[in-house]
Amino acid sequence: MLYREAGQFKASYAADQAIFPILQDRIGAIAILAVAFLVVPFAANEYWLRTILTPFLIYALASIGLNLLTGYAGLVSLGTGGFMAVGAFTAYNLAIRIPGLNVVVVFLLAGLVAACVGILFGLPSLRIKGFYLAVATLAAQFFLEWLFSHVPWFTNDSSSGVISSPEIVMFGFRFSGPVSRYLLTLTIVAVLALLAKNLVRGNIGRSWMAIRDMDIAAEIIGIRPLRTKLLAFAVSSFYIGIAGALWAFVYLGSVDPSAFDLDRSFQVLFMVIIGGLGSILGSFLGAAFILLLPILLSNLPELFGVHIGTAAGTNLEFVVFGTLIVFFLIVEPHGLARLWQIGKEKLRLWPFPH
Amino acid sequence: MEFFFEVLIGGLLSGVMYSLVALGFVLIFKASGVFNFAQGAMVLFAALTFVGLLEHGFAIWAAAIATIVTMVVLAIVVERLVLRPLVNQEQIIMFMATIGIAYFLNGIGQAMWGADVHPLMLGIPQGPVDVLGIQIDKFDLIAAAVAGSLVAGLAFFFQKTRIGRALRAVADDHQAAMSVGIPLKQIWVIVWTAAGIVAFVAGIMWGSNLGVQFSVALVALKALPVLILGGFTSIPGAIVGGLLVGAGEKLSEVFLGPFVGGGIETWFAYMLAMLFLMVRPQGLFGERIIERV
Amino acid sequence: MVDAALDHAAPPRRIGQVLLKVDNITLSFGGVRALSGVSLEIREHEIFAIIGPNGAGKSSMLNVINGFYHPQQGTITYKGVTRGDMRPYDAARQGIARTFQNIALFKGMSTLDNIMTGRLLKMRSDLLTQALYWGPAERQEIEHRRAVERIIDFLQIEAIRKVPVGKLPYGLQKRVELARALAAEPDLLLLDEPMAGMNIEEKQDMCRFVLDVNDEFGTTIALIEHDMGVVMDISDRVVVLDYGRKIADGTPDRVRNDPKVIEAYLGLAH
């Protein structure tokens, strides 16, 4: 009942194609944005900002990137970690070697470099698809991981291999506290999410989905498969690269190649699968879910009075993740996003039974 | 020159170990078209179970049988809970489901048997032996012999037996196989059991060599380039691919590694595979993938 | 695209020059000869049928015209230009659109989105304008949405606009596929068994649509069809293939009475 669409007629194609065609959705989205920008900075404590909200945003950004590639264009990638590393190390080197460079420029350039690397490793998609392509992305993952840990130039010849990230400066303002960093991340992620949404509801999104659904047939309407796939790799890596740069600069405070290993790639892939393949909203939901799950898992047994050590905790995580992946693939391949949609449809009638 | 041969032979023989893991992949792919990302986890799981039982005082033969039974149970569970519900989905979904299985197995295995390194003492002879002036490890020779007999056995099984034919039919076309009365579900259980047994053998060999530990599952990822080189549907291809990967890795690490700070082994195989994918996607022995509209 | 107001029961329409000329095409796959020395001509604005028993090579012929298969021998002259091997997207760019026997729709997308993909070649899709949706990209999207809605109206599929095509029944999927092909405003439309698997009413609807398309938009149509009644009713000319060879060519009446055609269908000589 609350969610009735009755009376909401679209009088123009523009209204029909809006991001939030239903009024209640639009109100909800604006409310969430308002809370995120105006309320959270004052209400949330440092722990929440530092370890939950900011990483959530960064993960969401990486998930959007991977979702564009895997969910919309159908190209499975296990190289997310590697591309995040590219973004992180590019940003680091730019900031160190060109001091005073505007942080937005740094991030943009990091994204662009990651996009170029993405195109390079996307070239095999001309000849191969499915899990064959996934193996090629594994090559990217392992090679990039090795590159950043073995070539000293990237780490500015530091002896320990781990370097701390430089300060974030924009127009003379230092982003040093958790609140300012949170707001910076929020702005970047919000803008990029909006751009991604625009891409997927237009021609580029349709071309990607055509490639995903039947790339042979896509050719007959004039889509050039290689170009479309490489564009997907480029845009996806751009997003993932910026996520990596944010990860190093804003979250970790250090640029560490082991933060971008194969596990990270799997983590983001899980977010995309559980959140919903082919859904921008799903990227956010999946990121939240995977981020909060370990916290839940470590606290839940305590609630039942059962103590489990850290090793057992990790094992439990593995088991639960594995089960959830299989569960979602069987029950709802479109993930939480679809469950959300179904929930909204039920809201049309609730609280009435029919 | 001798050094080169030693490295080469060492690489070839370590490649045989990769092949053992790759064989399991080929089995499942050949018979169900599913790319089983969890094969490595199965190797680890089998090895952990075996070692765990041994440490609890089981005799070798009892532990072996118990492990095989466990793998059969695993195959049945996987077929029932994962394969059957996903039977009509595309390959990519099945692939991602096997990633889920891999995580699950890793978690369960470690929860049951702990995460420490378990040394596996089976009395397999180790130590070098002199062949034509080159030092070769006895263990590696035995591994090669094991792999060779496994390949021969599997090839015979696929070509000559009734079940083997049924498996090939299922790989070609599920619907058609069902329509001639081949029981799909049983076939899948058989295949996954066979892969489980292959995983067990691989687990024994790897475990004896390295000790049974988590990195075994990661090493199994190396099997992917092996498959790409050899062809996903070819049993002899798994061997050849393994040899190429093993030799290539070792040679590049020893001769090229010093120039770039070492560690080439982590990615050499994948890069090689990627190049292969551009040039010959079906691998050396695989079937060409033809798509019809 | 000239609008010719004609009575459906009385062809001929204003049939023009030769649009597509296929000369001596031979196509083999490994040891199998799909087509042997087939030549045919399709004229502008006509409805041209390709018929023959199963396995005769009809779909292969369309695939050759479309650029999916490249013949080992022979030439294809389209709009006066003899072309070399081309990819399907080049064929699309030149105004050739196509439907498939087994329906090649994008199952994950809605009807509307599927048809919109047909407009792709008419739209600009550079990254920046698409990302900053509001402005030129939005205007373009709306303009082409209008064109697509006209086609949806024409084929009477308004009610299923937002339904994912994977959920539609077979007959409607075929209609959506036709809509997608039409969205490209093609000069040459290749239809591969557009009426397969349909009941009488659906067939009548489809026939009417095909004829309307030819009438209203002047689109040249080449179709493969098994239903003889349909073929005889709506085609201007027919070509008959059997085992990859052309065995007859001409108006429906002439072909119907050709002894070689009768033999091929009844299988006397095989």
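The values are calculated or read from the model by the stated rules, or taken from the named source; none is laboratory data. Predicted model only: the values in this text are computed from it and were never measured. All Cβ positions, even for glycine, are placed from backbone atoms using ideal geometry, and neighbour counts span all protein chains on display.
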Quiz prompt | Considering residues of region C:183-200 that are modelled with pLDDT under 90 and out of contact with any helix residue (DSSP H, G or I) (no Cβ under 7 Å at 6 or more places or on another chain) only, the residue farthest from C:Ile234 (Cα to Cα) | solution = C:Asn199
Quiz item: Residue check: is A:Gly275 over 19 Å from the mean Cα position of the chain (by Cα) and small (Gly, Ala, Ser)?
Solution: no
Quiz prompt | Test result for A:Asn67, in contact with a helix residue (DSSP H, G or I) (Cβ under 8 Å, 6 or more places away or on another chain), closer than 30 Å to A:Val151 by Cα and not hydrophobic (A, V, I, L, M, F, W, C) | solution = no
Quiz item: Which of the residues that make up region B:1-53 are part of a loop (DSSP other than H, G, I, E, B) and touching a residue at least 12 places away in the same chain (Cβ under 8 Å)?
Solution: B:Gly33, B:Val34, B:Phe35, B:Asn36, B:Phe37, B:Ala38
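Each row is one residue, and each column tells you yes or no for (1) aromatic (Phe, Trp, Tyr); (2) surrounded by 24 or more Cβ atoms within 10 Å (Cβ to Cβ); (3) within 27 Å of A:Gly74 (Cα to Cα); (4) touching a Lys or Arg at 6+ places or on another chain (Cβ under 6 Å).
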residue: B:Leu54; (1), (2), (3), (4): no, no, no, no
residue: B:Trp61; (1), (2), (3), (4): yes, no, no, no
residue: B:Ile65; (1), (2), (3), (4): no, no, no, no
residue: B:Leu81; (1), (2), (3), (4): no, no, yes, no
residue: B:Gln91; (1), (2), (3), (4): no, no, yes, no
residue: B:Gly100; (1), (2), (3), (4): no, yes, yes, no
Quiz item: Could you list, in sequence order, the residues of region C:47-64 that are surrounded by 23 or more Cβ atoms within 10 Å (Cβ to Cβ) and closer than 24 Å to C:Gly16 by Cβ?
Solution: C:Ile47, C:Ala49, C:Ile50, C:Ile51, C:Met61, C:Leu62
Quiz prompt | From C:Ile76, C:Ile103, C:Ile96, C:Ile65, residue being touching a residue at least 60 places away in the same chain (Cβ under 8 Å) and farther than 30 Å from C:Glu141 by Cα | solution = C:Ile65
Quiz item: Does region A:22-37 include one or more residues that are modelled with pLDDT under 85, away from every other protein chain (no Cβ under 14 Å), more than 20 Å from A:Val200 (Cα to Cα) and under 17 Å from the mean Cα position of the chain (by Cα)?
Solution: no
Quiz item: Within the group B:Met121, B:Met112, which residue is at pLDDT below 80, surrounded by fewer than 19 Cβ atoms within 10 Å (Cβ to Cβ), more than 16 Å from the chain's Cα centre (by Cα) and under 30 Å from A:Gly322 (Cα atoms)?
Solution: B:Met112
Self-check item: Filter result (within 22 Å of C:Arg145 (Cβ to Cβ) and crowded, with 18+ Cβ neighbours inside 10 Å) within region C:190-216
Solution: C:Phe209, C:Val213
Exercise. Restricting attention to region A:194-235, report how many residues are part of a helix (DSSP H, G or I) and either without any contact (Cβ under 8 Å) to a residue 40 or more places away in the chain or within 25 Å of A:Tyr182 (Cβ to Cβ) (or both).
Key: 18
Quiz item: Which of the residues that make up region A:219-241 are surrounded by 24 or more Cβ atoms within 10 Å (Cβ to Cβ) and either more than 8 Å from chain C (Cβ to nearest Cβ) or among the basic types (Lys, Arg) (or both)?
Solution: A:Lys229, A:Ala232, A:Phe233, A:Ser236, A:Ser237, A:Phe238, A:Tyr239, A:Ile240, A:Gly241
Quiz item: Picking from C:Arg145, C:Arg150, which residue would you name as being free of Cβ contacts under 8 Å to residues at least 24 places away in the same chain, part of a helix (DSSP H, G or I) and under 27 Å from the mean Cα position of the chain (by Cα)?
Solution: C:Arg150
Quiz prompt | A:Trp247 being buried (at least 23 other Cβ atoms within 10 Å of the Cβ), within 14 Å of another protein chain (Cβ to nearest Cβ) and modelled with pLDDT of 90 or more | solution = no
Self-check item: Members of region B:228-275 found to be at the interface with chain A (Cβ under 8 Å from one of its Cβ atoms) and under 17 Å from B:Phe29 (Cβ atoms), listed by number
Solution: B:Ile228, B:Ala273
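Within region C:154-166, track down each residue that is in a helix (DSSP H, G or I) and within 14 Å of chain A (Cβ to nearest Cβ).
Within region C:154-166, C:Glu158, C:Val165, C:Gly166 meet the criteria.
Residue by residue, here is whether (1) within 30 Å of A:Arg206 (Cα to Cα); (2) without any contact (Cβ under 8 Å) to a residue 24 or more places away in the chain; (3) β-branched (Val, Ile, Thr) holds:
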{"position": "A:Leu246", "(1), (2), (3)": "yes, no, no"}
{"position": "A:Phe249", "(1), (2), (3)": "no, no, no"}
{"position": "A:Gly253", "(1), (2), (3)": "no, no, no"}
{"position": "A:Ile273", "(1), (2), (3)": "yes, no, yes"}
{"position": "A:Asn315", "(1), (2), (3)": "no, yes, no"}
{"position": "A:Val331", "(1), (2), (3)": "yes, yes, yes"}
Practice problem: Using the structure shown, decide if C:Ile142 is under 25 Å from A:Gly278 (Cβ atoms), in contact with a helix residue (DSSP H, G or I) (Cβ under 6 Å, 6 or more places away or on another chain) and crowded, with 18+ Cβ neighbours inside 10 Å. | Solution: no
Self-check item: From the options C:Arg175, C:Arg146, residue that is of a type outside the set (A, V, I, L, M) and within 12 Å of chain A (Cβ to nearest Cβ)
Solution: C:Arg146
Quiz prompt | Total residues in region A:250-299, condition among the aromatic types (Phe, Trp, Tyr), out of contact with any Pro (no Cβ under 7 Å at 6 or more places or on another chain), away from chain B (no Cβ under 13 Å) and surrounded by fewer than 24 Cβ atoms within 10 Å (Cβ to Cβ) | solution = 1
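Return yes or no: is C:Lys167 out of contact with any Leu (no Cβ under 9 Å at 6 or more places or on another chain), free of Cβ contacts under 8 Å to residues at least 60 places away in the same chain and surrounded by 15 or more Cβ atoms within 10 Å (Cβ to Cβ)? Show your work before the answer.
On the way: out of contact with any Leu (no Cβ under 9 Å at 6 or more places or on another chain): yes; free of Cβ contacts under 8 Å to residues at least 60 places away in the same chain: yes; surrounded by 15 or more Cβ atoms within 10 Å (Cβ to Cβ): no.
In short, no.
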Quiz item: Does A:Ala95 satisfy the criteria of being small (Gly, Ala, Ser) and within 20 Å of the chain's Cα centre (by Cα)?
Solution: no
Exercise. Within region B:54-72, count every residue that is more than 25 Å from B:Ala22 (Cβ to Cβ), assigned to a helix (DSSP H, G or I) and of a type outside the set (A, V, I, L, M).
Key: 2
Quiz item: Scanning for something surrounded by fewer than 19 Cβ atoms within 10 Å (Cβ to Cβ) and either β-branched (Val, Ile, Thr) or under 20 Å from B:Phe158 (Cα atoms) (or both), does region B:272-282 turn up at least one residue?
Solution: yes
